[in-house]
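Report on the structure given below.
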Amino acid sequence: MLNRAYMGRRQPSVRRARKQRQGTTTGYVVTWDVDSADAALCGRLRRFIFGYSLTNNGRTYRYPGLVELEGVRYLGQSVLFVTEDKLLELRGFLRRQGIAHVVTHASLGAIMPS
C-alpha cells in the first residue's frame with residue numbers, strides 16, 4: 001500500500017541522483033560490507049561517503065563527501081559507481097579502514113527524466 005504523504009516528498013537519494021552529471025560514463029561499481037556493530041567505523045565511512053556539517057558559534061561548516069564529487073554516482077546502500085580517478089581514493093579509504101569490498105568494471109547511461 002502506498003503512503004500518500006510519503007509520495008510527495010523527495011528522498012535524499014533521489015535528490016542526489018538528479019544533481020549528478022548526465023550522460024554515459026565508464027567506471028566501476030564498488031560495493032562494501034561493514035559490521036554495523038562497529039559504530040566508530042560506520043561513522044567514519046558515513047562521513048567519508050556522505051560528508052558532514054559542523055556548527056560552531058552560529059556558523060555552519062560543510063564538508064562534502066565522496067558522493068558529491070564529479071565522477072561518483074550513488075547507486076544504493078553500500079554501492080557507488082565511480083570513475084577511474086575516484087576509484088583510487090575510495091579503495092584507499094576502504095583498505096585503510098579494513099573494509100571488505102568488491103570492484104566491478106561497469107558503465108552507466110544517462111539518468112532518465114521522471
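Out of Arg91, Arg73, which single residue is basic (Lys, Arg), touching a residue at least 60 places away in the same chain (Cβ under 8 Å), within 16 Å of Thr31 (Cα to Cα) and surrounded by 15 or more Cβ atoms within 10 Å (Cβ to Cβ)?
Arg91
Which residue pairs have Cβ atoms closer than 6 Å, lie 6 or more positions apart in sequence or on different chains, and pair a first residue in segment 99-110 that is in a strand (DSSP E or B) and among the aliphatic types (A, V, I, L, M) with a second residue that is surrounded by 15 or more Cβ atoms within 10 Å (Cβ to Cβ) and at pLDDT below 95?
Final answer for the pair search is Leu108/Thr25.
Name the residues in segment 68-95 that are of a type outside the set (Gly, Ala, Ser), touching a helix residue (DSSP H, G or I) at 6+ places or on another chain (Cβ under 6 Å) and within 18 Å of Ala106 (Cβ to Cβ), would you?
Val72, Tyr74, Val82
Each row is one residue, and each column tells you yes or no for (1) within 23 Å of Thr24 (Cβ to Cβ); (2) out of contact with any strand residue (DSSP E or B) (no Cβ under 9 Å at 6 or more places or on another chain); (3) of a type outside the set (Gly, Ala, Ser).
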{"site": "Arg46", "(1), (2), (3)": "no, no, yes"}
{"site": "Leu54", "(1), (2), (3)": "no, no, yes"}
{"site": "Asn57", "(1), (2), (3)": "no, yes, yes"}
{"site": "Ser78", "(1), (2), (3)": "no, no, no"}
{"site": "Phe81", "(1), (2), (3)": "yes, no, yes"}
{"site": "Glu84", "(1), (2), (3)": "yes, no, yes"}
{"site": "Arg96", "(1), (2), (3)": "no, yes, yes"}
{"site": "Thr104", "(1), (2), (3)": "yes, no, yes"}
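Condition test on Ala100, is it exposed (fewer than 15 other Cβ atoms within 10 Å of the Cβ) and at pLDDT 95 or above?
It is true that Ala100 is exposed (fewer than 15 other Cβ atoms within 10 Å of the Cβ) and at pLDDT 95 or above.
Scan segment 33-49 for residues that are free of Cβ contacts under 8 Å to residues at least 24 places away in the same chain and either part of a loop (DSSP other than H, G, I, E, B) or not basic (Lys, Arg) (or both) and jot them down.
Result: Asp35, Ser36, Ala37, Asp38, Ala39, Ala40, Cys42, Gly43.
Can Tyr52 be described as assigned to a strand (DSSP E or B) and surrounded by fewer than 11 Cβ atoms within 10 Å (Cβ to Cβ)?
Judged against the criteria, Tyr52 is not a match.
Could you check how many residues of segment 17-30 are at pLDDT 60 or above and out of contact with any Gly (no Cβ under 9 Å at 6 or more places or on another chain)?
So the answer is 5.
The values are calculated or read from the model by the stated rules, or taken from the named source; none is laboratory data. For clarity, every value in this text was computed on a predicted model and none was experimentally measured. Cβ: placed from backbone, ideal geometry, glycine included. Neighbour counts: every protein chain shown.
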